[in-house]
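This report concerns only the one structure given below.
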Amino acid sequence: MTDAAVPPTQSSRKRVEQRRWTVLLPVVGVIALAVCGLILLGLGTSKIGALPILVGAVAALVPVGPVVGAYLWVDRWEPEPAKVLLLAFAWGACGATICSLVFNQSAQVLGELINPGSGTTFAAVVGAPVAEEAAKAVFLVVLFLRRRHEFDGVVDGVVYAGIVAAGFAFTENIYYFARVFSDSGFGDLGGGVVALFVLRGVLAPFAHPLFTSLAGIGIGLAVTSVRRDVRIVAPIVGYLGAVGLHSLWNFSTTVGTGSDFINLYFLIMVPIFGGMVAMVVWQRRREQRIVAGQLPEMAANRWIAASEVALLASLPGRRNWRRTVSRKVGDDAAHAVADYQRAATELAFLRHRVQHGTAGADAEQRHERLLSALLAARHAAVAAPGGLQSSGGDGRG
């Protein structure tokens, strides 16, 4: 019997089926998000007009840049895949927005049934926080279930949550700015687009990202914990925290007075934001300690050069290494070194999770893949003239 006549095994059929879904699902997802975006654009232009939507889009672009940039700065130790971050933003801007729109309309109807005349308030204070935070968190949950290897801990949860929420806030800001422009024009600090921009673009550009980051922290804690109760409770508590903070914010801006908003902003929002920043800085230092702790053993196994341990153990060392290579050799060699640095970080994080029992059932296979990726990245860096030599290493693995 020839090899061609051998029937495919069940495992080979399963692999083919997995590859088919791996290719099909992203295509379907992108198409669905594009359709959602077109629907939102059509709804906006039909209800408000094309010019107000254009003005709203321009105004919304201003705060979204610094917000996304801040989260990318946080994610410097192990930058997440650009395509996943782009998908996260697209889900927030299109998918989560249109899901929330449907549920918010239902919440308004429910509020009218409960207490006639209070549908809008009920939707803003209760319906919107529950629906919007759930819609944004869907991306985090799916990523956690389908691509758990992309989660290394709390920082990754915060980054993904922040990017999703930045996309959501971008679309929401377009609508708000467009509606105000249609009613009051550009105005000044007393009203119009200018006043709203000060509120949403200057005082609170991180509002939505801050809400959703609480859910991201919950999922990040679930990833790093070996306790089953923590893996279940942490995401739930994180989501409830996001809903609660979002509800307080909406209450202060819709029901409360000006003093209520000021009190909430300075007594609750600012301290929580400060605490979030402090936690992220602490987590980043923890990540640095994790990587630095794994590098000596990786050098002992000759996967990296001993002379590169100090350079790989700090962000300034990595940055200076890339700059030196770029200046002396060129950008191609610097990109090869950056890929090598990223591969070393991913392997270090996985080895840490293996040691603490949080790596998952496929840890051995992932370790082999990451080790192969590291060696391939190192080979590419060595092949780039002056790449690893600029680090002071001997270029041997």
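The values are calculated or read from the model by the stated rules, or taken from the named source; none is laboratory data. These numbers come from a predicted model, not from an experiment. So basically every Cβ, Gly included, is an ideal-geometry build from the backbone, and we count neighbours across all protein chains shown.
Applying the selection to the stretch 353-377, what residues are in a helix (DSSP H, G or I) and at pLDDT below 85? Let's see the steps before the verdict.
First, the residues of the stretch 353-377 that are in a helix (DSSP H, G or I): 353-355, 363-377.
Within the stretch 353-377, Ala363 is the sole residue that qualifies.
With respect to Val270, is the statement that it is over 20 Å from His149 (Cβ atoms), in a helix (DSSP H, G or I) and either within 24 Å of the chain's Cα centre (by Cα) or at pLDDT below 90 (or both) true?
Values: over 20 Å from His149 (Cβ atoms): yes; in a helix (DSSP H, G or I): yes; either within 24 Å of the chain's Cα centre (by Cα) or at pLDDT below 90 (or both): yes.
Criteria met by Val270.
Any chance you could count how many residues in the stretch 63-92 are out of contact with any Lys or Arg (no Cβ under 7 Å at 6 or more places or on another chain) and closer than 15 Å to Ala131 by Cα?
Qualifying residue count, the stretch 63-92: 1.
If you take the residues of the stretch 127-162 that are closer than 14 Å to Thr97 by Cα and of a type outside the set (Gly, Ala, Ser), which of them is surrounded by the most Cβ atoms within 10 Å (Cβ to Cβ)?
Of all residues in the stretch 127-162, those closer than 14 Å to Thr97 by Cα come to 127-139.
If we keep only those that are of a type outside the set (Gly, Ala, Ser) as well, we get 129-130, 132-133, 136, 138-139.
Values: Pro129: 23, Val130: 19, Glu132: 28, Glu133: 30, Lys136: 32, Val138: 15, Phe139: 24.
Top of the filtered list is Lys136.
Quick one: which of Val325, Val243 is farther than 17 Å from Leu214 by Cα, of a type outside the set (D, E, K, R), touching a helix residue (DSSP H, G or I) at 6+ places or on another chain (Cβ under 7 Å) and in a helix (DSSP H, G or I)? Working first, answer last.
On the way: Val243 fails: farther than 17 Å from Leu214 by Cα.
Testing whether each residue is farther than 17 Å from Leu214 by Cα, of a type outside the set (D, E, K, R), touching a helix residue (DSSP H, G or I) at 6+ places or on another chain (Cβ under 7 Å) and in a helix (DSSP H, G or I) leaves just Val325.
Matching residues to (1) modelled with pLDDT of 70 or more; (2) exposed (fewer than 11 other Cβ atoms within 10 Å of the Cβ); (3) assigned to a helix (DSSP H, G or I); (4) in contact with a strand residue (DSSP E or B) (Cβ under 8 Å, 6 or more places away or on another chain):
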position	(1), (2), (3), (4)
Pro8	no, yes, no, no
Gly44	yes, no, yes, no
Leu51	yes, no, yes, no
Trp77	yes, no, no, no
Ala90	yes, no, yes, no
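What's the number of the condition Val198 fails, among (1) surrounded by fewer than 21 Cβ atoms within 10 Å (Cβ to Cβ); (2) touching a residue at least 12 places away in the same chain (Cβ under 8 Å)?
(2)
Restricting to the stretch 328-340, what's the tally of residues that are buried (at least 17 other Cβ atoms within 10 Å of the Cβ), in a helix (DSSP H, G or I) and over 22 Å from the mean Cα position of the chain (by Cα)?
6
From the list Val125, Val226, Val202, exactly one residue is among the β-branched types (Val, Ile, Thr) and modelled with pLDDT of 90 or more. Which is it?
Val125
What is the residue count in the stretch 296-317 for residues that are crowded, with 23+ Cβ neighbours inside 10 Å, within 27 Å of the chain's Cα centre (by Cα) and not hydrophobic (A, V, I, L, M, F, W, C)?
Here the count works out to 0.
Checking Phe139 against (1) within 13 Å of the chain's Cα centre (by Cα); (2) more than 21 Å from Ala165 (Cβ to Cβ), only one condition comes out false. Which one?
Status for Phe139: all satisfied but (2).
Looking at (1) out of contact with any Phe, Trp or Tyr (no Cβ under 9 Å at 6 or more places or on another chain); (2) of a type in the set (A, V, I, L, M); (3) under 19 Å from Val67 (Cα atoms), find the lone condition where Val126 falls short.
Of everything listed in (1) out of contact with any Phe, Trp or Tyr (no Cβ under 9 Å at 6 or more places or on another chain); (2) of a type in the set (A, V, I, L, M); (3) under 19 Å from Val67 (Cα atoms), Val126 misses just condition (3).
Could you pull out the residue among Ala343, Ala380 that is modelled with pLDDT of 85 or more and assigned to a helix (DSSP H, G or I)? Lay out the reasoning, then the answer.
Details: Ala380 fails: modelled with pLDDT of 85 or more.
Answer to the check: Ala343.
In the stretch 156-186, how many residues are modelled with pLDDT under 90 and not in a loop (DSSP other than H, G, I, E, B)?
3
Output the residues belonging to the stretch 261-291 that are touching a Ser or Thr at 6+ places or on another chain (Cβ under 8 Å) and more than 20 Å from Phe206 (Cβ to Cβ).
Across the stretch 261-291, the qualifying residues are Gln288, Val291.
Just checking, does the stretch 263-282 include any residue being touching a helix residue (DSSP H, G or I) at 6+ places or on another chain (Cβ under 6 Å), without any contact (Cβ under 8 Å) to a residue 24 or more places away in the chain and either among the basic types (Lys, Arg) or surrounded by 14 or more Cβ atoms within 10 Å (Cβ to Cβ) (or both)?
Checked against the condition, which is being touching a helix residue (DSSP H, G or I) at 6+ places or on another chain (Cβ under 6 Å), without any contact (Cβ under 8 Å) to a residue 24 or more places away in the chain and either among the basic types (Lys, Arg) or surrounded by 14 or more Cβ atoms within 10 Å (Cβ to Cβ) (or both), the stretch 263-282 yields at least one hit.
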